[in-house]
1. I'd like the full set of residues that are over 17 Å from PHE91 (Cβ atoms), open to solvent by 20 Å² or more (accessible area, probe 1.4 Å) and touching a residue at least 40 places away in the same chain (Cβ under 8 Å), limited to the range 7-30.
2. List pairs: first residue in the range 31-57 and of a type in the set (D, E, K, R), second residue open to solvent by 10 Å² or more (accessible area, probe 1.4 Å) and assigned to a helix (DSSP H, G or I) anywhere in the structure, Cβ distance under 9 angstrom, at least six positions apart or on different chains.
3. Could you go through the range 43-59 and let me know if any residue there is charged (D, E, K, R), at pLDDT 95 or above and within 16 Å of ligand 2 (Cβ to nearest atom).
4. Keeping to the range 122-151, report how many residues are more than 16 Å from ligand 2 (Cβ to nearest atom) and basic (Lys, Arg).
5. Between LEU33, LEU15, LEU7, which is under 13 Å from the mean Cα position of the chain (by Cα) and either away from ligand 2 (no atom under 15 Å from the Cβ) or at pLDDT 95 or above (or both)?
6. Restrict the check to the range 164-174 and report whether at least one residue is charged (D, E, K, R) and outside any helix (DSSP H, G or I).
7. Those residues that are surrounded by fewer than 19 Cβ atoms within 10 Å (Cβ to Cβ), in a helix (DSSP H, G or I) and out of contact with any Asp or Glu (no Cβ under 8 Å at 6 or more places or on another chain), I need them from the range 40-53; list them, please.
8. Going through ARG130, ARG90 one at a time, which residue ends up being modelled with pLDDT of 95 or more, open to solvent by less than 60 Å² (accessible area, probe 1.4 Å) and more than 12 Å from ligand 1 (Cβ to nearest atom)?
Amino acid sequence: MTVRRILTIDNAADLAVLKQVSTPVEGGVTDDLRLLMDDMLETMYAAPGIGLAAVQVGEAKQIIVMDLGDREGADEGDDEGAARDRRNPRFFINPEIVWASEDLASYEEGCLSVPEIYDDVERPAQVKIRYLNYAGDAVEEDAGGLYAVCIQHEMDHLKGVLFIDHLSRLKRERAIKSVKKAARAA
Ligand code: K1U
Ligand code: ZN
């Protein structure tokens, strides 16, 4: 398995890729796709992050990996290191939202492609999703809490949308400036 480079918005070539709309996977889940998903998972763990879309490693395909550890049911104050130790990887191919609740919830999101920026985004609190899993089986399930936040954030990536696109223009421009400044300093 390989840890790949995560594309970031401070680089114009990377940003052009991150803005692409990802294409659906055709012909089922092959071993080549499983290799890509394994690399994505390793890349996400190394970052570290809790989710990653294929486009963030330069592959504009409708594929997402996620591992929330125990965070879905975690109480505030639970040990972050311990949550990461309990691995629970998830794989989503061609995910669709088939239902979204009317009630919204706000969460302070981050993004590995927008390093060190965190801000509140409001999204439907619960969603029902349909996707193919690692084995290629069709799955339909309900997501709430951090699972709902993360899957919607990652599915935005498949449409070329970043979480900062949900912020005011002022906040977005400040975020972009700050990421570029940090990249220059690094
Ligand atoms: O870049 C990404 O899409 C991954 C992103 C996912 C996400 C985080 C928070 C809300 C919505 C979506 C991240 O993983 S950012 C890093 C992060 O949140 C984290 C890292 C280590 C431990 C716990 C959280
Ligand atoms: Zn992201």
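The values are calculated or read from the model by the stated rules, or taken from the named source; none is laboratory data. Please read these numbers as outputs of a predicted model, since none were measured by experiment. Don't worry about glycine lacking a Cβ; one is built from the backbone with ideal geometry, like all the others, and counts go over all protein chains shown. Side chains are part of the model used for accessible areas, which takes the heavy atoms of the whole protein and leaves out ligands, DNA and RNA. Shrake-Rupley method; radii C 1.70, N 1.55, O 1.52, S 1.80 Å.
1. Of everything in the range 7-30, those that are over 17 Å from PHE91 (Cβ atoms), open to solvent by 20 Å² or more (accessible area, probe 1.4 Å) and touching a residue at least 40 places away in the same chain (Cβ under 8 Å) turn out to be THR8, ASP10, ASN11, VAL17, LYS19, GLN20, VAL21.
2. ASP39/VAL57
3. yes
4. Going residue by residue through the range 122-151, those that are more than 16 Å from ligand 2 (Cβ to nearest atom) are 122, 124-145.
Going one step further and asking which of them are basic (Lys, Arg), we end up with 128, 130.
Qualifying residue count for the region: 2.
5. Working: LEU33 fails: under 13 Å from the mean Cα position of the chain (by Cα); LEU15 fails: under 13 Å from the mean Cα position of the chain (by Cα).
On inspection, the qualifying residue turns out to be LEU7.
6. First pass over the range 164-174, keeping only residues charged (D, E, K, R): 165, 169, 171-174.
Okay, now just the ones that are also outside any helix (DSSP H, G or I), so none.
There is no residue in the range 164-174 that is charged (D, E, K, R) and outside any helix (DSSP H, G or I).
7. Listed by number, the residues that qualify are GLU42, ALA46.
8. On the way: ARG130 fails: open to solvent by less than 60 Å² (accessible area, probe 1.4 Å).
Result of the check over ARG130, ARG90: ARG90.
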